[in-house]
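Okay, so here's the structure we're looking at.
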Amino acid sequence: MRATETLIPTLKETPAEADIASHVLLLRGGFIRRLASGLYTWLPLGVRVLRKVEAIIREELNRRGAQEVMMPVVQPAQLWRESGRWEAMGAEMLRMKDRHERDYAMSPTHEEVVTDLARRVLDSYQRLPVNLYQIQTKFRDEVRPRFGPLRAREFTMKDGYSFHLDDDSFERTYQDMRDAYSAVLRRVGLDFRAVLADGGNIGDSESHEFQVLAGSGEDVIAYCPESDYAANLEMAEAVAPAPSDAAPLELAKVATPDCRTIADVAKFLAVEPEHCVKTLIVRGAETPLVAIVLRGDHELNLTKAGRLDAVATPVAFAAETDIRTALQCSPGSIGPVGLAMPVYADRAATALANFVCGANDEGYHLTGVNWRRDAGGAQTVDVRNVVPGDPSPDGKGTLQFARGIEVGHIFKLGVKYSEPMGLSVQNGAGEDVTLTMGCYGMGVTRLVGAIVEQCHDDAGIIWPAAVAPFDVHIVALGYDRDAAVHEAADAFLNACEERGIEALLDDRDERAGVKFAEADLIGAPHRVTIGARNLKRGLVEYKPRHEGQGDLAPPERIAERIAQAKNT
RNA sequence: CGGGGCAUAGCGCAGUUUGGCAGCGCGCCUGCUUUGGGAGCAGGAAGUCGGGAGUUCGAAUCUCCCUGCCCCGACCA
């Protein structure tokens, strides 16, 4: 292709609307333009990248037996009422009415539609399992769209749904999809982790997120460098430390005036925060209040807390006035000793001996506290956030933290939709079986953003070869005024096309600096510079985007080299 | 949804405090020169100063209302 015939509106300066690398570079490189908050137009260059990503996804899914379909984006409310999500989805779902005043949703996801499809067409267990997917537009009216294509309101998602007679069948497909997602991300050339995640409100059990590692990512993941353990911070298990075997000291009550925080208490009593415990009071499911005890240096994990039977969900801290009424002291002086409410203690807190805690008496703390002797009623649970350096739950090393961009999420739906929507078939024995479902999502437009986030330098994007808008950027210097350059550039473009190399020839009447700067910005993996000087010796310059230095060679040799790189 | 900020030419910004001809850089158009890392000179086009109401002889500037956008927190591919 020729630059003079392609719409590539690059920007020299950073638009004020963007402040992270991927957003800035996609705008500046002429890949996307914003229409309104969270709404983006994909320009020719951007579409080329999207299509490549989609092609890879299709290949990996089709290879594993998934079949592509395409479902409507506008969906009747009736279906959503059946699943109960017309109410449950809230403002995130864009709603509208047609000319007959009937309610519709702009689909944020397709479980309802695909389940409806399945109950109409899956008339026998002999058709199972079935794995359907589509690459489609979704709309989610995000509270706060940001970071350009990383969190847009309208976006392209590959969503897949599988249907099974039993869990074994589901597990096989789940594993296939897990492999497919890893294969896609590997082919795209990304550093990523498949992490254990919370199913959130879509699924009903454990799931995996595919996180592309990037410092600007919104999610924190805990992973073990020595093994393949990786989990979302919400999910990462905090293993029990070895219990202290110190001989019990005498329980003592000490005045701790003006000590409101663990840091205050630790400093005042000259002990480390990890020898103190803090007691948090949350709302209970059965009782008004529930206590959760953590080691002084640890943080509560709200997801884990929400799974505790006695804790009300969503997890909410008790109001200070309620605490004062119930305990006659402020939150800073609470401890597990003699507390008249259900008490959960984190494993790390339980492992302590002779620790410090609040005395449930304003301005006093207890020292030398021991669980068995002084606060035996506590139930030991895992309820804290892991911290870097914690042992990995698989016993193979210690955890580290990284930030990630969630580009994919796969989970088991079970019968969450098939049951309320009546999706069942008869099995071989003539019994009605409600189908088990799996759900597999991958954000395609987000993935493009994540790629740029991971693959760029100060000058611009460095596309992984598999998804680059072009294989090679041909910089023809003086194309319009030097016949030899003109001819050589056209010939090189032809040579590329004959070899199946996608090339962009910069045939514009621009100066060298402009052309080089834009080539770096756009980020094709290979760059070939054709200038009068080197051409006199029959040479052109070749430089990979990610390397500083290029070299000179005859054009045919370079075309061959690029063709080879493309096919390996 | 809560908190903060911004809105002036296609893009980036100054001008607003203290009301008085709407400006600068980049980009765009024309011409000449230049030509391997975002050129130089000359000329030119381009603005409902986000919208509405008000104060005033006079409003980009002051007041009120509205809208849009960005950033920080709880959700998600």
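Just a few scattered comments:
- Strands (runs of 3 or more DSSP E) enclosed by the stretch A:1-105 - at least 1 residues per element that are closer than 30 Å to A:Leu505 by Cβ: A:32-36, A:39-42
- None of A:Tyr161, A:Tyr181 is in contact with a helix residue (DSSP H, G or I) (Cβ under 9 Å, 6 or more places away or on another chain) and in a strand (DSSP E or B) except A:Tyr161.
- A single member of A:Gly478, A:Gly441 is in contact (Cβ under 8 Å) with a residue 40 or more places away in the chain and in the same structural domain as A:Gly148 (by TED's automatic domain parsing), and it is A:Gly441.
- Test: residue in the stretch A:112-132 that is touching a Lys or Arg at 6+ places or on another chain (Cβ under 9 Å), within 22 Å of A:Ile57 (Cα to Cα), modelled with pLDDT of 95 or more and not aliphatic (A, V, I, L, M): yes
- Which numbered condition A:Tyr104 fails, given (1) over 20 Å from A:Lys412 (Cβ atoms); (2) within 12 Å of RNA strand B (Cβ to nearest atom): (2)
- Selected residue [more than 10 Å from RNA strand B (Cβ to nearest atom), touching a residue at least 12 places away in the same chain (Cβ under 8 Å), surrounded by fewer than 16 Cβ atoms within 10 Å (Cβ to Cβ) and within 30 Å of A:Thr115 (Cα to Cα)] from A:Val74, A:Val53: A:Val74
- Conditions (1) farther than 30 Å from A:Ala36 by Cβ; (2) within 12 Å of RNA strand B (Cβ to nearest atom); number of the one not met by A:Leu122: (2)
- Leading residue by the ranking (modelled with the lowest pLDDT) among those in the stretch A:261-271 that are surrounded by 12 or more Cβ atoms within 10 Å (Cβ to Cβ) and more than 37 Å from the chain's Cα centre (by Cα): A:Asp264
- Filter result for the condition that a residue is within 21 Å of A:Val448 (Cα to Cα), within 22 Å of the chain's Cα centre (by Cα) and among the acidic types (Asp, Glu), over A:Glu54, A:Glu17: A:Glu54
- Residue within the stretch A:283-292 that is among the small types (Gly, Ala, Ser), within 16 Å of RNA strand B (Cβ to nearest atom) and within 34 Å of the chain's Cα centre (by Cα) present: no
- Candidates A:Arg140, A:Arg178: the one that is closer than 28 Å to A:Thr14 by Cα and more than 13 Å from the chain's Cα centre (by Cα) is A:Arg140.
- Any hit, the stretch A:123-132, residues being in contact (Cβ under 8 Å) with a residue 24 or more places away in the chain and among the β-branched types (Val, Ile, Thr): yes
- Here the strands (runs of 3 or more DSSP E) wholly within the stretch A:234-352 that include at least 3 residues being more than 30 Å from A:Ile221 (Cβ to Cβ) are A:252-255.
- Residues of the stretch A:28-48 that are closer than 19 Å to A:His473 by Cα, surrounded by 21 or more Cβ atoms within 10 Å (Cβ to Cβ) and within 23 Å of the chain's Cα centre (by Cα): A:Phe31, A:Gly46.
- In the set A:Asp432, A:Asp480, only one residue is of a type in the set (Asp, Glu) and either within 16 Å of RNA strand B (Cβ to nearest atom) or under 28 Å from the mean Cα position of the chain (by Cα) (or both); that residue is A:Asp480.
- For the stretch A:207-220, a tally of residues being among the aliphatic types (A, V, I, L, M) and within 11 Å of RNA strand B (Cβ to nearest atom) returns 2.
- Condition check for A:Asp98: surrounded by fewer than 19 Cβ atoms within 10 Å (Cβ to Cβ), in contact with a strand residue (DSSP E or B) (Cβ under 9 Å, 6 or more places away or on another chain), without any contact (Cβ under 8 Å) to a residue 12 or more places away in the chain and of a type outside the set (Val, Ile, Thr): yes
- Filtered by the rule that a residue be away from RNA strand B (no atom under 16 Å from the Cβ), assigned to a loop (DSSP other than H, G, I, E, B) and not charged (D, E, K, R), the stretch A:400-429 gives A:Val415, A:Ser418, A:Pro420, A:Met421, A:Gly422, A:Leu423, A:Asn427, A:Gly428, A:Ala429.
- For the stretch A:174-193, a residue qualifies if it is of a type outside the set (Asp, Glu), surrounded by fewer than 23 Cβ atoms within 10 Å (Cβ to Cβ) and either closer than 18 Å to A:Ala66 by Cα or within 12 Å of RNA strand B (Cβ to nearest atom) (or both), and the qualifying residues are A:Tyr174, A:Gln175, A:Arg178, A:Ser182, A:Ala183.
- Here A:Ile461 meets the list (1) within 7 Å of RNA strand B (Cβ to nearest atom); (2) aliphatic (A, V, I, L, M); (3) within 30 Å of A:Gln134 (Cβ to Cβ); (4) not assigned by TED's automatic domain parsing to the domain that holds A:Phe31 almost entirely, failing just condition (1).
- Any hit, the stretch A:120-129, residues being under 26 Å from A:Ala180 (Cβ atoms) and of a type in the set (D, E, K, R): yes
- When the stretch A:32-50 is filtered for residues that are within 14 Å of RNA strand B (Cβ to nearest atom) and either among the hydroxyl-bearing types (Ser, Thr, Tyr) or more than 23 Å from A:Arg186 (Cα to Cα) (or both), the ones remaining, listed by number, are A:Ile32, A:Arg33, A:Arg34, A:Leu35, A:Ala36, A:Ser37, A:Gly38, A:Leu39, A:Tyr40, A:Thr41, A:Trp42, A:Leu43.
- Residue in the stretch A:273-281 that is crowded, with 18+ Cβ neighbours inside 10 Å, modelled with pLDDT under 90 and out of contact with any helix residue (DSSP H, G or I) (no Cβ under 7 Å at 6 or more places or on another chain) present: no
- Among the residues listed as A:Leu117, A:Leu50, A:Leu94, the single one being assigned by TED's automatic domain parsing to the domain that holds A:Glu154 and either among the small types (Gly, Ala, Ser) or within 30 Å of A:Gly523 (Cβ to Cβ) (or both): A:Leu50
- Residues of the stretch A:353-386 satisfying the condition of being crowded, with 20+ Cβ neighbours inside 10 Å, of a type in the set (Gly, Ala, Ser) and outside any loop (DSSP other than H, G, I, E, B): A:Gly358
- The listed residue being surrounded by 16 or more Cβ atoms within 10 Å (Cβ to Cβ) and at pLDDT 95 or above, out of A:Lys515, A:Lys416: A:Lys515
The values are calculated or read from the model by the stated rules, or taken from the named source; none is laboratory data. Worth saying up front: this structure is predicted, and the values here are computed from it rather than measured. Don't worry about glycine lacking a Cβ; one is built from the backbone with ideal geometry, like all the others, and counts go over all protein chains shown.
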